[in-house]
1. Among (1) in a helix (DSSP H, G or I); (2) in contact with a Gly (Cβ under 8 Å, 6 or more places away or on another chain); (3) surrounded by fewer than 16 Cβ atoms within 10 Å (Cβ to Cβ), which single condition is T460 missing?
2. In the range 293-305, is there at least one residue being among the hydrophobic types (A, V, I, L, M, F, W, C) and at pLDDT below 95?
3. Name, by its number, the condition in (1) touching a residue at least 60 places away in the same chain (Cβ under 8 Å); (2) on the phi > 0 side of the Ramachandran plot that does not hold for R286.
4. Name every residue in the range 399-446 that is assigned to a strand (DSSP E or B) and without any contact (Cβ under 8 Å) to a residue 60 or more places away in the chain, in order of residue number.
5. Scan the range 134-175 for residues that are in a loop (DSSP other than H, G, I, E, B), under 22 Å from D59 (Cα atoms) and over 26 Å from the mean Cα position of the chain (by Cα) and jot them down.
6. What number of residues within the range 480-520 satisfy the criterion of being free of Cβ contacts under 8 Å to residues at least 40 places away in the same chain, of a type in the set (A, V, I, L, M) and not in a loop (DSSP other than H, G, I, E, B)?
7. Just checking: which of the strands (runs of 3 or more DSSP E) contained wholly in the range 314-389 hold 3 or more residues that are within 16 Å of A426 (Cβ to Cβ)?
8. Would you confirm whether or not the range 521-529 contains a residue that is under 21 Å from A308 (Cβ atoms), part of a helix (DSSP H, G or I) and either at pLDDT 95 or above or among the charged types (D, E, K, R) (or both)?
Amino acid sequence: MTETTADSAKPVQSTAKPGLGINPPAARVVLVGAGPGDPGLLTVAGLDALRQADVLFYDALANPVLLDEAPAHCEKINVGKRARKHLVQQDDTNQMMVDHARRVGMGGLVVRLKGGDPYLFGRGAEEAAFCAKHGVPVTVIPGVTAGIAAPAAAGIPVTHRKIASTVTIITGHEDPTKGETSVDYLGLARLIERGGTACFYMGVGRLQSICDELASHGLARSTPAALVQWGTLPRQRHVTGTLDNIRHRVEDAGLSSPAIIVVGEVAAINEPGLDYFTNRPLFGRRIVVTRTRQQSSSLKDELERLGAEVLEAPTIRIAEPDEAEARRLAEAVSSIGNYDWVVLTSANAVDAFADKLAEVGRDSRALAAVRFACIGGATADRLRDRLAVDADFIPSRAVSDAFIAEFLDAHPLAGARLLLPAADIAGPAIADRLREQGADLDTVTAYRTLPVESLPDAVTQRLAAGEIDWVTFTSSSTASNLIALLGDGADALGRCKRASIGPKTSQTLAAAGLPPTVEADPHDLAGLVAAVVASER
């Protein structure tokens, strides 16, 4: 993947000869609506296009998370616009799309990712026409527009059977007090007066002028109004009021662009269920997840489902074992039928075991005579997902003490052959106790847990600014590594709440003078999320 900055985002020198009809065959250009902000509101068709892109032009309002969906070879070019700040002029953007489409050639794909919907105040029609006029095939994938989605997320339906039967989308970018305006404010005032809804885009800076103009054309200053900032995102905020006081309420709340202004009776609706978005238990909470990037998705997804803004700060990375240990694991897996039990202490251990099984040319059929003990439901779930094998033993609590006591009580081990593939930093407690009970145990390093070199800037900056509500710790190593990575800045962890997955992790935090605010019970990801939610009630 390559990324082009604003300074280097210049049109490619084209070999085309306009008017001679001999332009080289070009890649297809697809204008994709990125939706209102929440990456989950991108359409299926839009996501499919992103995953095939050779070149990606993206806007300022397209959620940057979506850029990760592009393939590794994709060139990403930022052509974003904000009020009075244009990284690239529109004419240059048009020409760049054509030039890159010709460079990529037939069979390739150039994606233009635009906030909201390409044809709604997005100049998408201009871009499509420019491509077509220059012989570049172009298609459009519509997107969910903020004018409808943002109010909905704030509990405001833009239409309602009993209240509003029309909705008008207006640009607030032009000054309504200028000599000539393309907006019929008299007609708009009459529509709102008769039960219509008006949604203004790009109008925060002219909010008072818009309200005054509507009032000057006869709309009562008591007419409900609302403003929704960052709609559909965890940082969403909104205020309601009337034409008479909405500007003051917006200023008092410190709201700014990007935002949608809603005028009409629907802005005063307050009915059960409409606050589904903001009523989630973790709405607006900013939570740092310290798991490895490969592992963070399940925890991240669940926290986001509950309304949190999640920042990933992987403090460890998973690596292959060294050559000698990799060979030992391969030998053990190749002769897996000689073991009575395989003990798996983590989902990473399951992955390493399953990968090595495939590498030596074996599959689940080789496991028919082997029993599996898993520490924790998440480990057992991964075993089922990877190898279609159900664990034969899971302790009541996902900690080593519970595993040792309950496993040894249920299964005599004298003479039994056991395989324990684990992390390089795994402690000796489990292995020592199993051997004490007479087990013939082979321990082998299945993977290495290594610290990362640095944290994302967004995480360190927001921690330092006191803008983080929670930090989650899913192992002792994530705790010790984060503290080490922060260095002198580790004091910032004392200003936010800390969630620990279990006793060992809690001990590490306490030893650093940062005892956990909550500890998961049970000691797994579900328990971790439940503990955070319970603390917020």
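The values are calculated or read from the model by the stated rules, or taken from the named source; none is laboratory data. Predicted, not measured: the structure shown is a model, and the values here were computed from it. A quick note on method: Cβ atoms are made from the backbone with ideal geometry, for glycine too, and the neighbour counts reach across all protein chains shown.
1. With respect to (1) in a helix (DSSP H, G or I); (2) in contact with a Gly (Cβ under 8 Å, 6 or more places away or on another chain); (3) surrounded by fewer than 16 Cβ atoms within 10 Å (Cβ to Cβ), T460 is out only on (3).
2. There is at least one residue in the range 293-305 that is among the hydrophobic types (A, V, I, L, M, F, W, C) and at pLDDT below 95.
3. The failed condition is (2).
4. The answer is D440, L441, T443.
5. V136, P137, G172, H173, E174
6. The total comes to 11.
7. The qualifying strands (runs of 3 or more DSSP E) are 316-319, 341-344.
8. Checked against the condition, which is being under 21 Å from A308 (Cβ atoms), part of a helix (DSSP H, G or I) and either at pLDDT 95 or above or among the charged types (D, E, K, R) (or both), the range 521-529 yields at least one hit.
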